[in-house]
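The values are calculated or read from the model by the stated rules, or taken from the named source; none is laboratory data. This one's a predicted model, so the numbers in the text were calculated from it and none came from an experiment. Reconstructed Cβ throughout: ideal geometry from the backbone, glycine too, with neighbour counts over all protein chains shown.
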Amino acid sequence: MPGKLYGVPLLLLLAVTAHADLRITAYYPGYKQNSMPASEIDFSVVTHLIHFSVVPNPDGTLDTSVNGITGARSADVVSRAHAAGRKVLICGGGASSQTGFQGATSPGNLTSFVSNLVSFMSTNSYDGIDIDWEPLPSSDFNQFTNLIIALRSALNSSAMPKLLTVAAAPYAPYPDFSNTQFLMYAAIQNQLDQINLMTYDLSGPYSGWVTWFNSPIYDGGATFPSNSRHLPSIDVPVNSFLSNGVAAARLGVGTPFYGFVWRGGAGTPSGGVTLPRQSWTSAPMTTAVTFSSIKSSYYQSNLYHWDGAAQAAYLSITNSASTNDEFVSYDDEHSTEAKVSYLRNHALGGLMIWELSQDYNAAAPAGQRNPLLQSVKQALGTPGLTGVQVSKHDVQLTFTTAPLGLYRVLSATNPAAGGWTTLTNNLPGNSNAVAPATVADPGALQTYPQRFYRIQTPP
């Protein structure tokens, strides 16, 4: 259980900080290396970088050009990650890669395809391979499983340990509502180091839908108008993976550094779409927009809203012509910090980011160019002790908390001997941002000359 230990002998404070409790895995596309140089990646936050991507051809060869992967770009990324003591993987696949994977993993091509992937990884000094097979219907599960087993076997023969990760759809492709997908991942999880859920793109202007968030933590009880099914969220598939046997430590939750602008539509009370959970008679349009563009082109403080039930941010924009009304669903600093807390509360393995350049603003001052990534860093820094006050025999602790976080504060006179006593349990973090909380221990030093404190998350 992550936590921090503090000792208070009279007015002297001793703090021992625990190591980072979550892995932060971030995608970094080769085609974005000109606009966001690898030198701008903050490896003090990112623990695993996934270089995106080589694409499988149906004959088992690799297309390295489609996503801008070159020898020079690979060398730049790998050298910088290794200099920072971080791991970097090469991704195989991406959106619409299904046909290529189907051919590449056929019985006649699988061996050469695995050899080509491993050779590319080794030649360019990557630390492992990430597989992003999209879409992945149940009809492809046997070939997918064969690929994972063959890759794991090949990687195990490397002189140095190599990682194998996958990007997994949180929900089975429509209309398959069975638990087959979750059972498949449970069966092969021991072959994998990370199973990262693509918990974004969870909504759209589809028939029978309503306006909804791109990557909400919870569904807030919202259902589709035509049936009792709950709208998509992060929490539902996470629980499905866990209840079907996937270990929590292997799971990563995806967070997008982009959002969607819903525009127009007809049949809502205001004419066009401006809010979540709105039905329509004429479907709106949606456009994917990076976080940096949302902040520069759409954001105004008076347009901003926070949906506490879904734990999601949005902008509500009413224009003079309802056809130009807009509902903007995106992840901001608040929702990103809340996701870090959600991961800790459920003892999950880590956060997966798609993708780093969408948060990057080259024109901003140094240290302010990637605000979402820095919000991850702030949340990871909680609980951090910011103050201790001792008044006669009383002790008061102040420490930082994150949105959606839950904290337990314990005390002891001799940590080596155990005997920890809970001062407070399930103390909630600030609901809006990383912020301080205060816990008092009255009379703590009246009997003993010193007290030790441990702040834990999750409780």
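The residue list Tyr453, Tyr407 contains one member that is more than 26 Å from Ala310 (Cα to Cα), out of contact with any His (no Cβ under 7 Å at 6 or more places or on another chain) and of a type in the set (Phe, Trp, Tyr), which is Tyr453.
Name the residues in segment 7-37 that are modelled with pLDDT of 80 or more, of a type in the set (Gly, Ala, Ser) and either part of a strand (DSSP E or B) or crowded, with 21+ Cβ neighbours inside 10 Å (or both), would you?
Step one: list which residues in segment 7-37 are modelled with pLDDT of 80 or more, which gives 21-37.
Cutting the leftovers down to of a type in the set (Gly, Ala, Ser) gives us 26, 30, 35.
If the condition is that a residue be modelled with pLDDT of 80 or more, of a type in the set (Gly, Ala, Ser) and either part of a strand (DSSP E or B) or crowded, with 21+ Cβ neighbours inside 10 Å (or both), then Ala26, Gly30 are the ones that fit.
Just for segment 48-79: of the residues that are among the charged types (D, E, K, R) and more than 18 Å from Asp130 (Cβ to Cβ), which one is farthest from the chain's Cα centre (by Cα)?
Asp59
Taken over segment 147-171, the criterion of being surrounded by fewer than 16 Cβ atoms within 10 Å (Cβ to Cβ) and not in a loop (DSSP other than H, G, I, E, B) is satisfied by Ile149, Ser153, Asn156. Being of a type outside the set (A, V, I, L, M, F, W, C), surrounded by fewer than 22 Cβ atoms within 10 Å (Cβ to Cβ) and under 30 Å from Ala288 (Cα atoms) is the filter here; which residues of segment 172-181 pass it? The answer is Pro173, Tyr174, Pro175, Asp176, Ser178, Asn179. Ala437 meets all of the listed conditions (1) under 27 Å from the mean Cα position of the chain (by Cα); (2) surrounded by fewer than 17 Cβ atoms within 10 Å (Cβ to Cβ); (3) of a type in the set (A, V, I, L, M, F, W, C) but one, namely (2).
Filtered by the rule that a residue be closer than 23 Å to Ala309 by Cβ, part of a loop (DSSP other than H, G, I, E, B) and modelled with pLDDT of 95 or more, segment 234-273 gives a lone residue, Ile234.
Looking at segment 405-412, is at least one residue in a loop (DSSP other than H, G, I, E, B) and surrounded by fewer than 16 Cβ atoms within 10 Å (Cβ to Cβ)? No; the residues of segment 405-412 include none that is in a loop (DSSP other than H, G, I, E, B) and surrounded by fewer than 16 Cβ atoms within 10 Å (Cβ to Cβ). Only residues that are in contact with a strand residue (DSSP E or B) (Cβ under 8 Å, 6 or more places away or on another chain), closer than 26 Å to Ser341 by Cα and of a type outside the set (Val, Ile, Thr) were counted across segment 413-443, and they come to 14. Residues of segment 446-459 that are in contact (Cβ under 8 Å) with a residue 60 or more places away in the chain, assigned to a loop (DSSP other than H, G, I, E, B) and under 42 Å from the mean Cα position of the chain (by Cα): Thr457, Pro458.
Checked against the criteria, Met184 counts as surrounded by 15 or more Cβ atoms within 10 Å (Cβ to Cβ), at pLDDT 95 or above, closer than 19 Å to Gly254 by Cβ and out of contact with any strand residue (DSSP E or B) (no Cβ under 6 Å at 6 or more places or on another chain). Could you list, in sequence order, the residues of segment 344-376 that are buried (at least 20 other Cβ atoms within 10 Å of the Cβ), assigned to a loop (DSSP other than H, G, I, E, B) and in contact with a Ser or Thr (Cβ under 7 Å, 6 or more places away or on another chain)? Matches in segment 344-376: Tyr360 only.
In summary, Gly350 fulfils each of the numbered conditions (1) more than 22 Å from Ala26 (Cβ to Cβ); (2) in contact (Cβ under 8 Å) with a residue 60 or more places away in the chain; (3) among the small types (Gly, Ala, Ser) with the single exception of condition (1). The C-beta contact set for segment 384-406 (first residue in contact (Cβ under 8 Å) with a residue 40 or more places away in the chain and among the charged types (D, E, K, R), second residue surrounded by 17 or more Cβ atoms within 10 Å (Cβ to Cβ) and in a strand (DSSP E or B), distance under 9 angstrom, 6+ apart or interchain) comprises Asp394/Asp441.
So for segment 56-63 (the condition being farther than 13 Å from Leu117 by Cβ and in a helix (DSSP H, G or I)), does at least one residue qualify? Reasoning before the result, please.
Let us first name the residues in segment 56-63 that are farther than 13 Å from Leu117 by Cβ, namely 58-59.
Filter once more, keeping what is in a helix (DSSP H, G or I): none.
No, the conditions are met nowhere in segment 56-63.
For segment 172-193: of the residues being part of a helix (DSSP H, G or I) and of a type in the set (Phe, Trp, Tyr), which is nearest to Val118 (Cα to Cα)? It comes out as Tyr185. Every test in (1) in the same structural domain as Phe141 (by TED's automatic domain parsing); (2) surrounded by fewer than 22 Cβ atoms within 10 Å (Cβ to Cβ) is passed by Val238 save one, and that test is (2).
Residues that are within 22 Å of the chain's Cα centre (by Cα) and not basic (Lys, Arg) within segment 83-95 comprise Ala84, Gly85, Val88, Leu89, Ile90, Cys91, Gly92, Gly93, Gly94, Ala95, listed in sequence order. Reported count of residues in segment 308-329, each being out of contact with any Leu (no Cβ under 9 Å at 6 or more places or on another chain), farther than 15 Å from Lys295 by Cβ and outside any loop (DSSP other than H, G, I, E, B), is 4.
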